[in-house]
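Heads up, the thing below is written out as structure tokens.
Rule-based calculations on the coordinates, nothing more; no lab input. A quick note: this is a predicted structure, and the numbers were derived from the prediction, not measured. Glycine gets a Cβ as well: all are built from the backbone with ideal geometry, and neighbour counts include every protein chain shown.
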């Protein structure tokens, strides 16, 4: 279990627990990226494989999905599916605008894909994607998925996983 | 050809005009810099307090540091720009040169002013985002190590 450093004063949340599947290459890549980002409040990472630590969250297993990522606030609010990715972005000041954009638009269902692109391309990708309207961004995500599905390399396989 | 004595008197008059132009330039430029800095210090504080989530100590500290930087850049520019340009030979050229120099200082002050406003608004915008609650509702609740 790792604890991220604090870079900004807390406002509305004391801490965000990020429960992740440490056996998935894609999720481990997300974890490494998240761990390296400055956060608005501490992020505490808990691998699903650490059963004793997971047990501290009660019946959290019922929220576990194939995404391999769950976000839990310090007050126990659980965010699964697209919500987990949105909350992870919400915790990062450099990407927080994405959390709000993904939460109110037709992009919400694609939060995982956007998150995956951001973890791969970082701020440069964020800036470029930020210039696109929702329609063009959706087209880009579809294009990225269809392009990835024709490849066989490790990085392409990771992209395919993110499209699911 | 002018007699040597007359040429000398003219040169001396030109030199005096240049010195007076420099003195006026320094006085006007520094006064303008102080006025703009005080205005920024006074009216920028509220933005900074808001940006730092009501933490007045940090806001005042940053405000002070911004003003120090403002003084250093502007007075530095005024000092460096002092000797550049034409030299005054009479009252008319002295006024023209003074006007040009002070005009340049005003443009630099304006650029610095808008740069400061840009910084203030960027900090405030960031602070506003940080103040937003989570953008999506929770799907459920569990106990946590904190509760």
- prompt: In what sequence, highest mean first, do A:83-94, A:115-126 appear when ranked by Cβ atoms within 10 angstrom?
  reply: A:83-94, A:115-126
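For the protein assembly as shown, give me the percentage of DSSP beta bridges that are antiparallel, rounded to the nearest 5 percent.
65
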- line: Burial-style ranking of A:37-43, A:58-64, average other-beta-carbon count within 10 Å with highest first, yields A:37-43, A:58-64
- line: Assertion target for A:44, A:135, B:96, ordered by fewest C-beta neighbours within 10 angstrom first, is A:135, B:96, A:44
- prompt: If you line up the long axis of helix B:4-51 against the longest principal axis of chain B, both from Cα atoms, how many degrees apart are they, to the nearest 10?
  reply: 10
Residue-averaged [θ]222 nm for chain B, counting only DSSP H segments that reach four residues, each worth -39500 (n - 2.57): -28500 deg cm²/dmol
- request: Using only atoms on other chains, find how many Cβ atoms lie within 10 Å of each Cβ of peptide A:55-68 and report the average.
  value: 2
query: Hey, what angle do you get for helix B:56-81 against the long axis of chain B, alpha-carbon based, 0 to 90 degrees rounded to 10?
result: 20
- prompt: Once the range A:1-148 is represented by equal point scatterers at the alpha-carbon sites, with solvent omitted, what log10 I(q)/I(0) does the Debye formula produce at q = 0.09, 0.12 Å⁻¹?
  reply: -0.26, -0.47
- request: Please state, to two decimals, what the Cα-based radius of gyration of the protein assembly as shown comes to when divided by 2.2 N^0.38 Å (N = residues).
  value: 1.53
query: For the Cα atoms of chain B, what angle does the longest principal axis make with the long axis of helix B:91-130, in degrees from 0 to 90, nearest 10?
result: 10
message: Cβ neighbours within 10 Å, averaged per peptide: list B:42-52, A:72-82 in order, most packed at the top.
response: A:72-82, B:42-52
task: Determine the shielding of peptide A:41-48 by partner chains: average, over its residues, the number of Cβ atoms on other chains within 10 angstrom of each Cβ.
output: 1
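Restricting to Cα pairs below 8 Å that are 6+ residues apart, what does the relative contact order work out to for chain B? Please round to a whole percent. The partial results should precede the final answer.
Values: 104 pairs, mean separation 51.1, N = 147.
In percent, rounded to a whole number, it is 35.
Taking each residue of A:74-82 in turn, how many C-beta atoms of other protein chains fall within 10 Å of its C-beta, and what is the average?
Details: counts 4, 5, 9, 9, 6, 6, 3, 1, 1.
So the per-residue partner count for this stretch is 5.
Write down the Kirkwood hydrodynamic radius of the range B:4-130, to one decimal in angstroms, obtained as one divided by the mean of 1/r over all alpha carbon pairs.
On the way: mean 1/r = 0.0601 Å⁻¹.
Here the Kirkwood hydrodynamic radius works out to 16.6 Å.
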